[in-house]
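The numbers here are math on the coordinates, done by the rules we state, and not lab data. It should be emphasised that the depicted structure is a prediction, and the values quoted were computed from it without experimental measurement. Using ideal geometry, Cβ is built from the backbone for each residue, glycine included, and neighbour counts are taken over all protein chains shown.
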Amino acid sequence: MILAVLRYSGLEGRSDRPMESVEQQCQSDSSYHLQSENRHLQETIAALREALERAYFDTETKVQAAVVAAETESRELKTTVAALREALEKAHFDTEVQIQAVMVAAEAENGALKTTIVALRHELERHTAVYEGKLQECERRSHDEAHQLQQTIVALRAQLEKMYAQS
């Protein structure tokens, strides 16, 4: 392993240093690499932690924005539902008012028609009574005239018979 470290560090062919110092140099280089790798890992951890916190913050921001949008939409929908319910109730009320107005007008018209019917019935009965009276008067006159004519016929026959009897 030391040989691999020597090769890696480029110290393998140097003979100007004593063996102890090469080992110290290897340990120092190894320690340096470990510290460097440790620093690099800590920087990576810090970068990943920062990225994770940023992602968490972005997610929280998006969730809050979605909650606000959902609450806003919910309020708007509730307002719309309330307005539609009010419009429906008003339309129902207006319809009921119109129905009542039509019913009142129909009842008034029916009352007027009934009054007209009663008046026309009385007028018809009066005219019928007058007509029947005139008809009876005509029948009486006709009967009287027929009776008079029969009496005239009887008188004329008697005169004729008297005249024939004298001749």
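Computed values, structure above
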item: Simple spin-label estimate for Asn110 and Met163 in nanometres, 7 Å along Cα-Cβ; result: 7.7 nm
item: Cross-link partners of Lys114 among aspartates and glutamates (Cα-Cα below 17 Å; sequence separation of 8 or more within a chain); result: Glu123, Glu125
item: Chain lengthening between Ser74 and Tyr32 when straightened (0.36 nm per residue, less Cα-Cα); result: 9.0 nm
item: Potential lengthening between Cys138 and Lys90 on full extension [0.36 nm per residue; Cα-Cα distance subtracted]; result: 10.3 nm
item: For segment 19-129: rounded, prolate or oblate by the Cα gyration tensor [a/c cutoff 1.5]; result: prolate
item: Rounded to whole Å, sorted largest first: equivalent-ellipsoid semi-axes of segment 70-167, Cα gyration tensor; result: 91, 9, 4
item: Charge tally in the Cβ shell below 14 Å around Ala101, where Lys, Arg are +1 and Asp, Glu are -1, Ala101 excluded; result: -4
